[in-house]
Amino acid sequence: MQLGPDGCLYYPHMFTNEVYRRPLDGGTPELVAADVHEPVAVRFDREGVLMVISRGVEGIITRISPDGQTATHHDGCDVPGQRRVRRIQPYVRLQLCQ
């Protein structure tokens, strides 16, 4: 779970491949993204980009822009030595929710 720049709590739901947010004072969860590959954690960077970390050895990270319009899918991260991304491509299956 991660507190977002909008003051909502963001969290992944691995079994449905979705990411939700909920206001801190309660309320109904709101779907943020669907069809995310097995999400296990969410984090925000300093620019407000939501990064969704997926489980597995593939090292998949899905980045969602603050406006919710752009998503990229990163895979093939090298963990030993230098951490780098071998391939960056549009994440076409991702459904962004407003």
* Residues whose placed amide H lies under 5 Å from that of Val32, excluding near-sequence neighbours -> Val19, Tyr20, Arg21
* Structure fact -> Reported to the nearest 10 Å², Asp67 has, with a 1.4 Å probe, an accessible area equal to 90
* Structure fact -> The alpha-carbon pair-distance distribution computed for the stretch 2-45, with 10 angstrom bins and whole-percent values, is 32, 54, 15
* Asked: In what order, largest first, do Ile60, Ile53 sit by accessible area if the probe radius is 1.4 Å?
  -> Ile53, Ile60
* To do: Work out from phi, with θ = phi - 60° and the Karplus expression 6.51 cos²θ - 1.76 cosθ + 1.60, the ³J(HN,Hα) of each residue of the stretch 24-29, listed in order in whole Hz, and give x for Gly and Pro.
  => 5, 7, x, x, 7, x
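By accessible area of protein heavy atoms, probe 1.4 Å, what ranking do Thr16, Thr62 get, highest first? Provide the component values of the computation, followed by the final result.
On the way: Thr16 65, Thr62 0 Å².
Highest to lowest solvent-accessible surface, that is Thr16, Thr62.
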* Asked: In debye to the nearest 20, how big a dipole does the stretch 16-67 give about its Cα centre with +1 on each Lys and Arg Cβ and -1 on each Asp and Glu Cβ?
  -> 160
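The values are calculated or read from the model by the stated rules, or taken from the named source; none is laboratory data. What you are looking at is a predicted structure, and each value in this text was computed from that prediction instead of being measured. As a convention, Cβ positions derive from the backbone with ideal geometry for all residues, glycine included, and neighbour counts pool all protein chains shown. Calculation scope for accessible area: heavy atoms of the full protein, side chains included, ligands and nucleic acids excluded. Shrake-Rupley method; radii C 1.70, N 1.55, O 1.52, S 1.80 Å.
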